[in-house]
């Protein structure tokens, strides 16, 4: 589970902002949290803010951190780490990323700093007996030190370390230290980022699961029935077909041998039909609405995330989905057994979800642009004073009481009429 995350000097985020999944003193819905070392950890959190306020940038920074951990081992000499710092700070100022999380009931703290497109600092600590112990520290890209338990275990990792590679990425691939493998696996497998760009991959995964796993199909049909969609069956057909070189233009830089290899390979052809109670069949991929398509692309990954206790981070969860469906998806997480570690963090514009029947105040977060430098600020509803527990939060947000809404020009009609 993620405990907290912070970032600075990344896109619209100038000064450090921090998100915390550690619950506050509020005793509301404690049964929906997970107890860990005398703290309660939130399983869900929701993020609001005006367009351009930095919601997506915050999520993209987590995706960037994950990607760099998993893939920087592949960076070649002379290849800089590409990222976008805040325009007032630039590459010369450190961009810092840090995260704390739980693996097998042990807390870990990991972070790194980038400067001028290379790594300058990096650390990994853990708390096996509730006390901090060092796994490694990297300072100014020159000094690496290790905890007593780990000395002498990273010789091969040091040989492949470069200024553009994270040591965690190197150690995961060139050592056999369990703690390193667990942390690397957490980034690779347990943090799942959803965006519109990977929706098709999720759809293919979902249809494959429905086709191959009868239990998953049963769960999906039950969920659809609860939503009143009147879908009684889903027929999925997956066939391997020859690659069609005329359908996809191969890049010129590929060698002739590689092109021939591709041309003789097999590709999956997927079709899916929804069977409604009326008997009508609808082609899911080519005839259904964007909302139904997104729902199908979501369902099986949602089930997998819950079963395998992963953390899903999603930008604009509500896009193309009805608010009742969103509420039902959220309830999959809120109604989990307290020992299940699955988490859901997402951004949205749907104010109907600003409801204390769904979320505690420390689960509701906002992004807002500061007026002086147009940088992103991040804060939770629990940090705002004089907020009553029985307050209508959706109305308060729309009225600007909590900030994080666009500055509307109420004179726009006069300007249009004048023109």
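The values are calculated or read from the model by the stated rules, or taken from the named source; none is laboratory data. Fair warning: this is a prediction, and the values are worked out from it, not measured in the lab. FYI the Cβ positions are ideal-geometry reconstructions off the backbone, even for glycines, and counts take in every protein chain you see.
Screening residue 173 against (1) over 19 Å from residue 332 (Cβ atoms); (2) not in a helix (DSSP H, G or I) leaves a single unmet condition, (2).
Condition test on residue 15, is it surrounded by fewer than 16 Cβ atoms within 10 Å (Cβ to Cβ), in contact (Cβ under 8 Å) with a residue 24 or more places away in the chain, assigned by TED's automatic domain parsing to the domain that holds residue 379 and under 14 Å from residue 379 (Cβ atoms)?
Numbers: surrounded by fewer than 16 Cβ atoms within 10 Å (Cβ to Cβ): yes; in contact (Cβ under 8 Å) with a residue 24 or more places away in the chain: yes; assigned by TED's automatic domain parsing to the domain that holds residue 379: yes; under 14 Å from residue 379 (Cβ atoms): yes.
So residue 15 fits the description; yes.
Is region 354-376 home to any residue that is touching a helix residue (DSSP H, G or I) at 6+ places or on another chain (Cβ under 6 Å) and surrounded by fewer than 18 Cβ atoms within 10 Å (Cβ to Cβ)? Taking every residue of region 354-376 in turn, none turns out to be touching a helix residue (DSSP H, G or I) at 6+ places or on another chain (Cβ under 6 Å) and surrounded by fewer than 18 Cβ atoms within 10 Å (Cβ to Cβ).
Is it true that residue 35 is in a strand (DSSP E or B) and over 17 Å from the mean Cα position of the chain (by Cα)?
Working: in a strand (DSSP E or B): yes; over 17 Å from the mean Cα position of the chain (by Cα): yes.
The answer is yes for residue 35.
Scanning region 38-79 for residues that are in contact (Cβ under 8 Å) with a residue 60 or more places away in the chain, part of a strand (DSSP E or B) and over 18 Å from residue 375 (Cα atoms) yields 41, 44, 45, 46. Tell me yes or no: at least one residue of region 147-167 is within 12 Å of residue 69 (Cβ to Cβ) and surrounded by fewer than 18 Cβ atoms within 10 Å (Cβ to Cβ). Taking every residue of region 147-167 in turn, none turns out to be within 12 Å of residue 69 (Cβ to Cβ) and surrounded by fewer than 18 Cβ atoms within 10 Å (Cβ to Cβ).
If the condition is being out of contact with any helix residue (DSSP H, G or I) (no Cβ under 8 Å at 6 or more places or on another chain), surrounded by 21 or more Cβ atoms within 10 Å (Cβ to Cβ) and more than 14 Å from residue 363 (Cβ to Cβ), then region 2-12 contributes 8, 9.
Among the listed residues 61, 56, which satisfies the condition of being in contact with a strand residue (DSSP E or B) (Cβ under 6 Å, 6 or more places away or on another chain) and more than 30 Å from residue 151 (Cα to Cα)? Working first, answer last.
Details: 56 fails: in contact with a strand residue (DSSP E or B) (Cβ under 6 Å, 6 or more places away or on another chain).
Exactly one of 61, 56 is in contact with a strand residue (DSSP E or B) (Cβ under 6 Å, 6 or more places away or on another chain) and more than 30 Å from residue 151 (Cα to Cα), namely 61.
Each row is one residue, and each column tells you yes or no for (1) farther than 20 Å from residue 215 by Cα; (2) outside any loop (DSSP other than H, G, I, E, B).
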site: 305; (1), (2): no, yes
site: 312; (1), (2): yes, yes
site: 316; (1), (2): yes, no
site: 325; (1), (2): yes, yes
site: 329; (1), (2): no, yes
site: 332; (1), (2): no, yes
site: 338; (1), (2): yes, no
site: 355; (1), (2): yes, no
site: 373; (1), (2): yes, no
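A count restricted to region 334-344 and to residues that are in contact with a helix residue (DSSP H, G or I) (Cβ under 8 Å, 6 or more places away or on another chain), buried (at least 18 other Cβ atoms within 10 Å of the Cβ) and modelled with pLDDT of 80 or more stands at 3.
For region 85-140, the set of residues classified as in a loop (DSSP other than H, G, I, E, B) and buried (at least 20 other Cβ atoms within 10 Å of the Cβ) consists of 85, 86, listed by residue number.
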